[in-house]
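Colleague: Submitted below is the structure of interest, expressed as structure tokens.
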Amino acid sequence: MSHPRKNIPQRRYRQRPPLTVMQQPLSHGEVQRLQAHMRRHGPRSLTPAQHDAIWDFLFEQPESHAWISQMVDQIHAGQKALRPASTRQETAATG
């Protein structure tokens with residue numbers, strides 16, 4: 001016989017205290033530390049400022065720009081494939 005799960009909402013929703021004060025701009029080690037903490041304790045364990053700082057750091061990396069441009073190309077290709085054939089031919093003729 002299995003025991004019913006105890007419904008203790010404060011366990012699920014209690015916000016964790018923020019991590020130590022982060023140094024701006026973030027170093028690669030600091031980003032890895034924050035990401036490891038987030039994987040262990042969940043996304044709500046970081047403050048919005050820490051999330052923003054991680055994204056700012058990642059966006060500054062050259063490989064991020066390559067990845068973003070690839071994603072944009074894939075999105076454009078997907079949008080083009082969804083257009084009716086007559087619209088695609090007109091776009092190709094004018095573009």
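What follows is calculated from the coordinates using simple rules that are stated; it is not laboratory data. Predicted, not measured: the structure shown is a model, and the values here were computed from it. Note that each Cβ is placed from the backbone with ideal geometry, even for glycine, and that neighbours are counted across all protein chains shown.
Colleague: Output ³J(HN,Hα) for region 30-46: one whole-Hz value per residue in order, computed from phi by the Karplus curve 6.51 cos²θ - 1.76 cosθ + 1.60 with θ = phi - 60°, and x for Gly and Pro.
Modeller: Along region 30-46, the couplings run 5, 4, 5, 5, 5, 5, 5, 4, 5, 5, 6, 10, x, x, 6, 7, 9 Hz.
Colleague: Let me ask something else about it. Could you compute the net charge surrounding residue 65? Neighbours are other residues with a C-beta less than 15 Å from the C-beta of residue 65; K and R count +1, D and E count -1.
Modeller: So the surrounding residues net to -4.
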